[in-house]
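Here is the structure we will look at, set down as structure tokens.
The values are calculated or read from the model by the stated rules, or taken from the named source; none is laboratory data. All of these numbers come straight from a predicted model, not from anything done at the bench. No Cβ is skipped: glycine too gets one built from the backbone with ideal geometry, and neighbour counts run over all protein chains shown.
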Amino acid sequence: WAGGERGIAVLPDRKAEFREGVAEAITYAKALDCKLVNCLAGIAPRSVDAGEARATFVENIGYAAGELKKAGIRLVIEAINTRDIPGFFLTNTRQAAEIIAET
């Protein structure tokens, strides 16, 4: 967190790590009897095209939602304003709804 990372779901080069994190989240959620898991989109680096970041996010949350559903857990995503987290990818409800509709 101190280094600036706010999630990895939009990072194309970390898809495998994201999937490992989903498996770990399921393990913890089951142990804690947690029925909801939040996925932070993260901050897309300037070197990553916005379309590629969006496609990566859609792919990742689709994967996470499917795996979590199998475990009886719901996935939620959170839009965060760029004042609190400058550069955060998911910034408003409309964007979140559009992305959910794509998955």
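Taking the conditions (1) free of Cβ contacts under 8 Å to residues at least 40 places away in the same chain; (2) assigned to a loop (DSSP other than H, G, I, E, B) in turn, Thr27 satisfies each one other than (2).
Only residues that are assigned to a loop (DSSP other than H, G, I, E, B) and touching a Gly at 6+ places or on another chain (Cβ under 8 Å): list them for segment 30-70, please.
Residues of segment 30-70 assigned to a loop (DSSP other than H, G, I, E, B): 32-35, 40-42, 44-49.
Hits for segment 30-70 are Lys35, Leu40, Ala41, Gly42, Ala44.
As for segment 43-58, it holds at least one residue that is within 10 Å of the chain's Cα centre (by Cα), of a type in the set (A, V, I, L, M) and under 24 Å from Thr93 (Cβ atoms). In segment 70-98, of all residues being over 15 Å from the mean Cα position of the chain (by Cα) and polar (S, T, N, Q), the one that is modelled with the lowest pLDDT corresponds to Thr82.
Can you work out which of the residues in segment 22-47 that are charged (D, E, K, R) and out of contact with any helix residue (DSSP H, G or I) (no Cβ under 9 Å at 6 or more places or on another chain) is surrounded by the most Cβ atoms within 10 Å (Cβ to Cβ)? Don't jump to the end; show me each part of the working.
Within segment 22-47, the first condition is being charged (D, E, K, R), and the residues that meet it are 24, 30, 33, 35, 46.
After this cut, where a residue has to be out of contact with any helix residue (DSSP H, G or I) (no Cβ under 9 Å at 6 or more places or on another chain) as well, the list is 24, 30, 33, 46.
Numbers: Glu24: 10, Lys30: 12, Asp33: 6, Arg46: 8.
Restricting to residues being charged (D, E, K, R) and out of contact with any helix residue (DSSP H, G or I) (no Cβ under 9 Å at 6 or more places or on another chain), the top hit is Lys30.
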